[in-house]
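Single-structure report; data block below.
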Amino acid sequence: MTTDYKKVLITGVAGFVGSNLAKALLDNGVEVIGIDDFSHGFKRNIESLLANKKFQFIEADVRNENTFKGLNADVIVHLASQKIPRYSSALLVLDDNSLMTKNIVKKCINDKIKMVFASTSDIYGKNPKLPYSETSDMLLGPTTVKRWAYAISKIYSEQYLIANHEEFGLNYTIMRFFGSYGTNQNPTWWGGPQSVFIEKTYNDDFIELHGDGSQTRTFTYIDDTVQGVMKCIFHENSSNDIFNIAGDPDSEITIKDLAHLIWGLMRPGTEPKIKCIPYSTFGNYEDVQRRLPDINKIKSKLGYEPKWKLAEGLKQAIEWQTKLYK
């Protein structure tokens, strides 16, 4: 049921998912070429991997197609990405994400190798029909709201992969991540709300909720995310298909309850400091009120099964992140 790939190239290897994936691959005897320019990743995430003879690290920019010259692998897992432009440029998100995708698709077609692409649950947008399956409609807000630039860039990339499969036989797998968290997560908003909530609670500071905190998310512990990525790389049923990678849909939680949960784990018996801030604080922004995955497809086709409960995973994330502050 598995393909015999010996070498995997990872873009964004010093990032959250990339570093954890690299470790899992190396632990399974797979050679890894990792590329990162440290614009969002951290050297500390891959420090323990550098001595491994099966790990080759290249500090380079994925936007430059010359980065890939002379590199040989069986699969490229494309994780490097600009994210939702809350405080940054929508143009950067659109330009960078499309350019990186095009460079890697070209490499994969020329070398006749597989491309595994990290998309996002954000592409489902505001679709009120829950849960989101891989065939669900995408309902985005107006183009005047720059928040949707990230989802648009990923939708474009997905369409680009599928079109290149049809035209040139590109072998691809698309992964749609739902709220990954855990060891090596970015400790800023880039890493998600749990990262910021951990920092604020550690400092006995106010946790700021966007809006009223009633919006919900389904979070995925990093070990489960990596399990899903590994199956998308190696399972023979993964080729030329799309898969949600998410935690147990029963773990859906409001952002307000997430804040209370983290505070309770870190400062039990004390009243959490929480305040709500309007979306207007960071520009013309539009949030998704509910995000709930359907993971039946990846379970039935690839044998994926999430193992981590939210509270247990958060304990691991808290333990790891708070060490950064000591």
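Among the residues making up region 304-318, a single one is more than 23 Å from D122 (Cα to Cα), out of contact with any helix residue (DSSP H, G or I) (no Cβ under 7 Å at 6 or more places or on another chain) and of a type outside the set (S, T, N, Q): E312. Filtering K106, K83 for residues that are in a helix (DSSP H, G or I) and basic (K, R) leaves a single hit, K106. What about V93, is it outside any strand (DSSP E or B), hydrophobic (A, V, I, L, M, F, W, C), crowded, with 21+ Cβ neighbours inside 10 Å and within 16 Å of the chain's Cα centre (by Cα)? Yes, satisfied.
Anything in region 197-228 that is in contact with a Pro (Cβ under 8 Å, 6 or more places away or on another chain), under 23 Å from Y279 (Cβ atoms) and modelled with pLDDT of 95 or more? List them, or say none. Answer for region 197-228, where residues must be in contact with a Pro (Cβ under 8 Å, 6 or more places away or on another chain), under 23 Å from Y279 (Cβ atoms) and modelled with pLDDT of 95 or more: I198, E199, T201, I207, R217, T218.
Taken over region 164-222, residues that are of a type in the set (D, E, K, R) and within 30 Å of K106 (Cβ to Cβ) amount to 3. Among the residues making up region 287-302, those that are touching a strand residue (DSSP E or B) at 6+ places or on another chain (Cβ under 9 Å), surrounded by fewer than 17 Cβ atoms within 10 Å (Cβ to Cβ) and not polar (S, T, N, Q) are D287, K297, K301.
Taking the criterion of being of a type in the set (A, V, I, L, M), free of Cβ contacts under 8 Å to residues at least 12 places away in the same chain and either within 21 Å of F178 (Cα to Cα) or exposed (fewer than 13 other Cβ atoms within 10 Å of the Cβ) (or both), would at least one residue in region 64-78 satisfy it? There is no residue in region 64-78 that is of a type in the set (A, V, I, L, M), free of Cβ contacts under 8 Å to residues at least 12 places away in the same chain and either within 21 Å of F178 (Cα to Cα) or exposed (fewer than 13 other Cβ atoms within 10 Å of the Cβ) (or both). When only residues in region 181-233 that are polar (S, T, N, Q) and buried (at least 24 other Cβ atoms within 10 Å of the Cβ) count, which is nearest to I76 (Cα to Cα)? Selected residue: T225.
Screening Y87, Y124 for residues that are among the aromatic types (F, W, Y) and loosely packed, with under 15 Cβ neighbours inside 10 Å leaves exactly one candidate, Y87. Among the residues making up region 152-190, those that are out of contact with any Ser or Thr (no Cβ under 9 Å at 6 or more places or on another chain) and not aromatic (F, W, Y) are Q159, I162, A163, N164, H165, E166, E167, G169, L170. Among residues of region 44-66 being among the charged types (D, E, K, R) and closer than 21 Å to D96 by Cβ, the one that is farthest from the chain's Cα centre (by Cα) is E65.
Residues that are touching a helix residue (DSSP H, G or I) at 6+ places or on another chain (Cβ under 6 Å), farther than 10 Å from P293 by Cβ and of a type in the set (A, V, I, L, M, F, W, C) within region 231-252 comprise C232, F243, listed in sequence order.
Screening region 1-41 for residues that are polar (S, T, N, Q) and at pLDDT below 95 and picking the one that is nearest to K112 (Cα to Cα) gives T3.
Looking across region 153-166, the residues that are touching a helix residue (DSSP H, G or I) at 6+ places or on another chain (Cβ under 7 Å) and aliphatic (A, V, I, L, M) come down to I155, L161. Just so you know, in region 109-150 the residues that are part of a helix (DSSP H, G or I) and free of Cβ contacts under 8 Å to residues at least 60 places away in the same chain include one that is farthest from Y172 (Cα to Cα), and it is I123.
The values are calculated or read from the model by the stated rules, or taken from the named source; none is laboratory data. Given the structure is predicted, the values throughout are model-derived calculations rather than measurements. For neighbour counting, all protein chains shown are included, and Cβ atoms are generated from backbone atoms with ideal geometry for every residue, glycine included.
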